[in-house]
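Heads up, the thing below is written out as structure tokens.
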Amino acid sequence: MKELLIIGARGFGREIYNLAKRCHGYNINWKIKGYLDDKSDALDDFPDYPPIIDSVEKYEVKPEDVFVCALGDVKQKLKYVMMIKDKGGIFLSLVHETSVIYNGTQHGEGLILFPFTHITCNVRIGNWVTILPFSVLGHDVTLGNFCHLNSYSFLGGFTSVGNLVTINTGATIVPGMNIGDEAVIGAGSVVIKNVPPKCTVFGNPARKVNIQ
């Protein structure tokens, strides 16, 4: 049986642990081994969680190990995933039992689907994508690598999303939009125009904002 290590033992890491216990394959194909985090006391106030075994930087990958990344910041996720990949690590996908995935959808390594996510037909999802509860992806949507979609995100059909994109809670992207690499969509925004790379937008309709 494979042994799952969760990268990140902070708040999101605790969420991922609880998610993992409700995903396909738990205690059948894999069991939870513990966390990797450089803050060794991160779980001192949370006794009902597995141990922090080591930091990502110091950990030596074992043949039975598989990994999942519990980091919400897309650039931090990129950094630490690549550390483990460079050591030969393999990433598991966590798909909650209530997730719905229609025909023709494909996804890469390290996908995380929280409860009640709804992925419709012929969607293409890249590597290390996280999709939080009650999000909906319409037909023929494409998502690049290392994207993070917060709860209640809606992506209309034929939307194309680049790499390292963050879509915050309750955002709506109307069909056919193009969202560039490293863009950030603010909470509750309604996107009715294409979003350039490295651009942050917010509002209804969504407009570019400058983040200090």
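Among the trypsin sites (Lys or Arg not before Pro) in region 26-81, those placed in a DSSP loop whose Cβ has at most 13 other Cβ atoms within 10 Å are K39, K58. Could you tally the net charge around D65, taking each other residue with its Cβ under 13 Å from the Cβ of D65, Lys/Arg +1 and Asp/Glu -1? Overall, the nearby charge balance is +2. Counting only lysines at least 8 places from K33 when in the same chain, those with an alpha carbon closer than 30 Å to its own are K2, K21, K58, K62, K75, K77, K79, K85, K87.
Hydrodynamic estimate: the Kirkwood radius of the chain over Cα pairs, inserted into Stokes-Einstein at 37 °C and 0.692 mPa s, corresponds to D of 188 µm²/s. Which angle between 0 and 90 degrees, to the nearest 10, do you get for helix 74-86 versus the longest principal axis of the chain when only C-alpha atoms count? Helix 74-86 and the main axis of the chain meet at about 40 degrees. Across region 134-212, the mean sequence separation of Cα contacts (distance under 8 Å, 6 or more residues apart), normalised by length, yields a relative contact order of 21 percent. Name the shape class, rounded, prolate or oblate, that the alpha-carbon gyration tensor gives for region 121-161, where a ≥ b ≥ c are the square roots of its eigenvalues, rounded holds for a/c under 1.5, and otherwise prolate holds if a/b is larger than b/c and oblate otherwise. Because a/c hits 1.5 or more and a/b fails to exceed b/c, region 121-161 counts as oblate. In the context of the full set of protein chains, the chain has a per residue accessible area of 47 Å² (1.4 Å probe).
How would region 134-180 be classified by its alpha-carbon gyration tensor: rounded, prolate or oblate, with rounded meaning a/c under 1.5 and the a/b versus b/c comparison settling the rest? The shape class here is oblate. Taking Cα centre as origin and charging only the Cβ of basic (Lys, Arg, +1) and acidic (Asp, Glu, -1) residues, the dipole magnitude of the chain rounds to 560 debye. In straight-distance terms, cross-link reach from K208 covers every one of the aspartates and glutamates whose alpha-carbon lies under 14 Å from its own, apart from those fewer than eight places away in the same chain; here that gives E182.
The calculated 222 nm mean residue ellipticity attributable to helices in the chain amounts to -3500 deg cm²/dmol, summing -39500 (n - 2.57) over DSSP H runs of n ≥ 4 and dividing by all residues. Relative contact order for the chain using alpha-carbon pairs under 8 Å, separation at least 6, rounded to a whole percent? In percent, rounded to a whole number, it is 11.
The values are calculated or read from the model by the stated rules, or taken from the named source; none is laboratory data. This is a predicted model, so every value here is computed, not measured. Using ideal geometry, Cβ is built from the backbone for each residue, glycine included, and neighbour counts are taken over all protein chains shown. Accessible surface is based on the protein model in full, side chains and every heavy atom, while ligands, DNA and RNA are left aside. Shrake-Rupley method; radii C 1.70, N 1.55, O 1.52, S 1.80 Å.
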